[in-house]
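The structure appears right after this line, and notes come after that.
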Number of protein chains: 2
Amino acid sequence: MMAEKIADRPLLFALPGNEDFASRLASALEAETGELETRSFPDGETYLRLATSPAGRNVAIVCTLDRPDPKFLPLVFAASAARQVGARRVGLIAPYLCYLRQDKSFQPGEVVSSATFARALSREIDWLATVDPHLHRYGSLDAVYTIPSSVIASAPAIAEWIRHMVERPLLIGPDMESEQWVSIVAKLVDAPYRVLRKERFGDRDVRISLPDMDEWRDRTPVLVDDIVSSAQTMIEAARRLRSIGLPPPVCVAVHALFAEEGFATLRKNAARIATTNTVAHLSNAIDISSSLAAGARSLLHSR
Amino acid sequence: MMAEKIADRPLLFALPGNEDFASRLASALEAETGELETRSFPDGETYLRLATSPAGRNVAIVCTLDRPDPKFLPLVFAASAARQVGARRVGLIAPYLCYLRQDKSFQPGEVVSSATFARALSREIDWLATVDPHLHRYGSLDAVYTIPSSVIASAPAIAEWIRHMVERPLLIGPDMESEQWVSIVAKLVDAPYRVLRKERFGDRDVRISLPDMDEWRDRTPVLVDDIVSSAQTMIEAARRLRSIGLPPPVCVAVHALFAEEGFATLRKNAARIATTNTVAHLSNAIDISSSLAAGARSLLHSR
């Protein structure tokens, strides 16, 4: 009886670097973590083996998709290896989902990588679960992905962290686009919020203008954004806040992509940096795994 | 009239690192080279734009596929960008074609990456041209690829190089599998050949046994193989030849994958190393582009 019950439990396979997150998910989902072996051949090709058989079982591959290009084929191989031996359904739990930013051709001939990536990924997996995808001009993930998906909001976990860690917070969105996250977090925290205005002059060149902040001088500024990569937006926002005499802000982000010098520079301008663990990083302080598990549950257990 | 003629010419787009090879192909094919822009965003995603419009034209993406994992999505993006604006047919010229080695599951759960990769690639392109794919247990490329393909033999170009560069050659294949290349090259050179026996104990551990070589002591040994990656097979073969008093061999390979220390160690054991330019490398001495152009011509020009 016990053996049958175990074989009925869904099986999670973690691509390299996702083992810890997959263990947390497995506990929350009453799932088993399977053993995935992978290595590079001397010629740079990837070897991959599912050492736990997923035959007849529901499977989720766990793979966050920051720096996505080298991760795509290993992910395709993991899904294919599961199907080869007769897995029932093969989903992807990607705490961070990539390629959502380029959603149109701004110049003639530019690839719409969000649509192209969604199409390529959707051919390999049956369903998708992720945290706060950077939807930009898309109304929902279904506008770009045709497979079933579950989108998990990080706002409750972020709000809980702020409530416990920050006294008298003033939530601040560094640009108009961040208003969608900041307004929800502010409501959950029961704190006021303001949104700054950003102009972008290049991948790494942004400028921020401030509204009147005088009435909030007794509050702790908390910058909230979904993605920090070059971190230029948050760095510039933190500098502008400090330039009018506010204290160094607490900086909170969902996805800690942090390229190059971004983290070091932001650190010098922030009281504290806190991110969720969708992308493993030194700044991770907010565990999002139980929220993601709750969102993925019905997709993972469905027949 | 001139404008129409140019618009009828096929268009080649080179992924980074393939520009020189693409120019050579374009000259041989009466094709135009289009301008492809690509760069990395700070978050590690790829930006790609076809700055020359392929609308209504036949297109080939030129991308050799050594160290393939990070190259796959950019290749998919290039093909997709061409289709977005209405390219007629989109092919791939891959001087080196990857993922042909794992053609079965040796252990339960191992991905058959050759079949999985072929399936993923075939969804993105209309046809494929390559040089001496490492077919291993497959009888032909059609056993794994369903799209039309053209397979170009490097033997004539290699034979021509040996005829010009090596006096009284004795061609030697380092293992049984190499007999297919060595026998053809030997016939074209009009030289004798022998094949050694190899046993493999790991990715980087191979041992070679020698036949009786006494009658060939006045010949220059020329080792010929299709792929050198760790180069352990060729290094071990060269050492064994030298251990019985033969001079350092000339080492010829089709695909110069050369991982890590392989090239440096082989150099110490070889009179000379010569490879074709399917993979750009210091050892490239044999230009295969006109052979590849001849093989790709009908696929590129077809309607």
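The values are calculated or read from the model by the stated rules, or taken from the named source; none is laboratory data. Quick caveat: nothing in here was measured; it's all calculated off a predicted structure. Cβ: placed from backbone, ideal geometry, glycine included. Neighbour counts: every protein chain shown. SASA here: full protein model, heavy atoms, side chains in, ligands and nucleic acids out. Shrake-Rupley method; radii C 1.70, N 1.55, O 1.52, S 1.80 Å.
Of note:
- Given (1) part of a loop (DSSP other than H, G, I, E, B); (2) surrounded by fewer than 18 Cβ atoms within 10 Å (Cβ to Cβ), number of the condition B:Arg119 does not satisfy: (1)
- Within the range A:193-246, the set of residues being surrounded by fewer than 15 Cβ atoms within 10 Å (Cβ to Cβ) and in a loop (DSSP other than H, G, I, E, B) comprises A:Pro211, A:Asp212, A:Arg217, A:Asp218, A:Ile244, A:Gly245.
Yes/no matrix, rows are residues, columns are (1) touching a residue at least 24 places away in the same chain (Cβ under 8 Å); (2) within 13 Å of another protein chain (Cβ to nearest Cβ); (3) crowded, with 24+ Cβ neighbours inside 10 Å:
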position	(1), (2), (3)
A:Thr33	no, no, no
A:Glu37	no, yes, no
A:Ser40	no, yes, no
A:Thr52	yes, yes, no
A:Phe72	yes, yes, no
A:Ala81	yes, yes, yes
A:Gly86	yes, yes, no
A:Arg89	yes, no, no
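- Total residues in the range A:242-271 satisfying the condition of being within 14 Å of chain B (Cβ to nearest Cβ) and touching a strand residue (DSSP E or B) at 6+ places or on another chain (Cβ under 7 Å): the figure is 8.
- With respect to being among the polar types (S, T, N, Q) and at pLDDT 95 or above, A:Ser140 falls outside the description.
- Hits in the range A:8-31 - residues which are of a type in the set (A, V, I, L, M) and either without any contact (Cβ under 8 Å) to a residue 24 or more places away in the chain or open to solvent by 50 Å² or more (accessible area, probe 1.4 Å) (or both): A:Ala26
- Residue match in the range B:249-263 (condition: outside the structural domain of B:Leu97 (by TED's automatic domain parsing), in contact (Cβ under 8 Å) with a residue 12 or more places away in the chain, over 15 Å from B:Ser283 (Cα atoms) and small (Gly, Ala, Ser)): no
- Of all the numbered requirements in (1) within 14 Å of chain A (Cβ to nearest Cβ); (2) modelled with pLDDT under 95; (3) touching a helix residue (DSSP H, G or I) at 6+ places or on another chain (Cβ under 8 Å), B:Leu135 misses one, and that requirement is (1).
- With respect to being surrounded by fewer than 16 Cβ atoms within 10 Å (Cβ to Cβ) and at pLDDT below 95, B:Ser290 falls outside the description.
- Matching residues in the range B:91-105 - criterion: being over 15 Å from B:Thr130 (Cβ atoms) and within 12 Å of another protein chain (Cβ to nearest Cβ): B:Gln102, B:Lys104, B:Ser105
- Inter-residue pairs, beta-carbon under 7 Å, first assigned by TED's automatic domain parsing to the domain that holds B:Ala256 and in the range B:214-243, second of a type in the set (D, E, K, R) and open to solvent by less than 10 Å² (accessible area, probe 1.4 Å), 6+ apart: B:Ser229/A:Asp43
- Scanning the range A:150-192 for residues being under 16 Å from A:Cys251 (Cα atoms), part of a loop (DSSP other than H, G, I, E, B) and open to solvent by 90 Å² or more (accessible area, probe 1.4 Å) gives a total of 2.
- In the range A:28-55, the residues that are closer than 21 Å to A:Ala87 by Cα and not aliphatic (A, V, I, L, M): A:Glu30, A:Glu32, A:Thr33, A:Gly34, A:Glu35, A:Glu37, A:Thr38, A:Tyr47, A:Arg49, A:Thr52, A:Ser53, A:Pro54
- When the range B:263-282 is limited to residues that are open to solvent by less than 10 Å² (accessible area, probe 1.4 Å) and within 20 Å of B:Thr64 (Cα to Cα), the one that is farthest from the chain's Cα centre (by Cα) turns out to be B:Ala274.
- Selection of the range A:106-116 for residues being in contact with an Asp or Glu (Cβ under 8 Å, 6 or more places away or on another chain) and either open to solvent by less than 20 Å² (accessible area, probe 1.4 Å) or at the interface with chain B (Cβ under 7 Å from one of its Cβ atoms) (or both) yields A:Val112, A:Ser113, A:Ser114.
- Complete set of residues in the range B:47-103 that are out of contact with any helix residue (DSSP H, G or I) (no Cβ under 9 Å at 6 or more places or on another chain) and on the phi > 0 side of the Ramachandran plot: B:Arg67, B:Gly86
- Within the range B:122-143, the set of residues being without any contact (Cβ under 8 Å) to a residue 60 or more places away in the chain, crowded, with 21+ Cβ neighbours inside 10 Å and more than 17 Å from the chain's Cα centre (by Cα) comprises just one member, B:Glu124.
- None of B:Glu30, B:Glu35, B:Glu19 is at pLDDT below 95 and out of contact with any Gly (no Cβ under 6 Å at 6 or more places or on another chain) except B:Glu30.
- When B:Arg49, B:Arg24 are checked against the criterion of being more than 23 Å from the chain's Cα centre (by Cα) and of a type in the set (Lys, Arg), B:Arg49 stands alone in meeting it.
- Taking the numbered list (1) within 11 Å of chain B (Cβ to nearest Cβ); (2) surrounded by fewer than 21 Cβ atoms within 10 Å (Cβ to Cβ) in turn, A:Asp66 passes all entries but (2).
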